[in-house]
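Structure, as structure tokens:
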Amino acid sequence: MTHDPQHSPFKSTGGARRILNALRYSWQGLKAAVQYEAAFRQELALAVLMIPAAFFLGRTTVEVFFLVGVVVMVLAAELLNSAIEALADALSVERHPLLGRAKDLGSAAVMLLLIFAGTVWVGVAISRFVMH
């Protein structure tokens, strides 16, 4: 059997086994984020408070959806940023301008989503309590 350079030997072909493996890998990723990533733990702690609060702050299903959605987006961005940082650190622990740029870009993505999430939450709160 020859190796096809266009096909990764780590990719599965599909079926129920692929789904179970994907769920297992995702769970391992979440556990690793909680174990090794302080920023993810902080954002997760906020999410545990904010997601239930979204159901009290939001007056409509759409508002609740947006409030919860931006919190989940921040968590997802943090996971991607952590993945970039881990990969960069695995490639080299020495300073390299491109690895530094990759880390900075990931961090910037998280920051933009944090700003957006804050804006959504403040906007819904103003709509609910000030402009009611």
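Please treat every number below as a calculation from the coordinates, not as lab data. Given the structure is predicted, the values throughout are model-derived calculations rather than measurements. We place every Cβ from the backbone using ideal geometry, glycine too, and count neighbours over all the protein chains shown.
For the charge dipole of the chain, defined by +1 on Lys and Arg C-beta atoms and -1 on Asp and Glu C-beta atoms about the Cα centroid, which residue among 53, 73, 110 has the Cα displaced farthest towards the positive pole? Highest projection toward the positive end goes to 53. Between 77, 38, 54, the Gaussian network model of the chain with springs among Cα atoms under 10 angstrom shows the greatest mean-square fluctuation at 38.
For the range 70-108, the list of trypsin sites (Lys or Arg not before Pro) that fall in a loop by DSSP and count at most 16 other C-beta atoms within 10 angstrom reads 95.
How charged is the neighbourhood of residue 18? Take every other residue with its Cβ under 12 Å from the Cβ of residue 18, and add Lys/Arg as +1 and Asp/Glu as -1.
+3
In the range 56-88, whose amide N lies under 20 Å from the spot 7 Å out along Cα-to-Cβ of residue 103? List them in ranges. From the range 56-88, the list is 77-88.
Of the residues 82, 107, 92, the one that moves most in a GNM of the chain with alpha-carbon contacts below 10 Å is 92. Size descriptors for the chain: radius of gyration and Dmax over Cα atoms are 19.1, 69 Å. Counted by Cβ distance under 14 Å from residue 38, the other residues give a net charge of -3, where Lys and Arg count +1 and Asp and Glu count -1.
What the phi angles of the range 16-33 give under the Karplus curve with 6.51, -1.76 and 1.60, with θ = phi - 60°, is a coupling list of 5, 4, 5, 5, 5, 5, 4, 5, 5, 5, 5, 4, 4, x, 5, 4, 5, 4 Hz, glycine and proline written as x.
All other residues whose Cβ lies under 14 angstrom from that of residue 74 are scored, Lys and Arg at +1 and Asp and Glu at -1, for a net of -2.
Here residue 95 and residue 23 are evaluated by their C-beta separation; at R0 = 35 Å the FRET efficiency comes out at 0.40.
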